[in-house]
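These notes concern the structure reproduced below.
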Amino acid sequence: MDKTRLGAWLVISLAVAQTLTTLPTAAAPELGATAVIFNAAAAFSAYLLLRRPDRGRWPLVVWSAGFFGWHVTGLATMAGLITTDLDPVFFIASQCELSIAYQAVLATLAGFAVHLLLPRPEKG
């Protein structure tokens, strides 16, 4: 499996994980619906890239970078470094440690997806 396909599958797994954790823990219905729409759009972008890997991958790079920024913001909010008033959104579990682990794992996956999806210079 090449790096582009692996990156696309990482984005799909991110979208599925985020959707599955958002639905039962949505603090507000509007935020939950927005999250599901964003995740569906990212998964659809990944699907299109998997169908035609020779096409542009930049939309998927942008989605991955956005997911990375979201989860890093969640980690910074939970650490008390910044205040966003989104604490109920970032704390997805009853225990703080589980929420931190979730944010850290998904931030790492998103970071790897960006790394794998960025174009490489041709060796020659």
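Per-structure values
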{"quantity": "Pairs, first farther than 11 Å from residue 104 by Cα and free of Cβ contacts under 8 Å to residues at least 60 places away in the same chain in segment 65-77, second buried (at least 16 other Cβ atoms within 10 Å of the Cβ) and among the small types (Gly, Ala, Ser), C-beta under 6 Å, six or more apart", "calculated": "67/110"}
{"quantity": "Residues that are surrounded by 13 or more Cβ atoms within 10 Å (Cβ to Cβ) and either under 15 Å from residue 90 (Cβ atoms) or not small (Gly, Ala, Ser) (or both), drawn from segment 4-19", "calculated": "4, 5, 6, 9, 10, 11, 12, 14, 17, 18, 19"}
{"quantity": "Residue within segment 16-26 that is more than 19 Å from residue 100 (Cα to Cα) and assigned to a helix (DSSP H, G or I) present", "calculated": "no"}
{"quantity": "Complete set of residues in segment 8-64 that are without any contact (Cβ under 8 Å) to a residue 12 or more places away in the chain and farther than 21 Å from residue 87 by Cβ", "calculated": "37, 44, 48, 51, 52, 54, 55, 56, 58, 62"}
{"quantity": "Residue satisfying condition, being surrounded by fewer than 18 Cβ atoms within 10 Å (Cβ to Cβ) and at pLDDT below 90, within set 22, 34", "calculated": "34"}
{"quantity": "All positions within segment 68-124 that are β-branched (Val, Ile, Thr), within 17 Å of residue 16 (Cβ to Cβ) and surrounded by 18 or more Cβ atoms within 10 Å (Cβ to Cβ)", "calculated": "92"}
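The values are calculated or read from the model by the stated rules, or taken from the named source; none is laboratory data. From a predicted model like this one, the values you see are computed outputs, not experimental measurements. Heads up, the Cβs are rebuilt from the backbone with ideal geometry, glycines too, and the neighbour counts pull from every protein chain shown.
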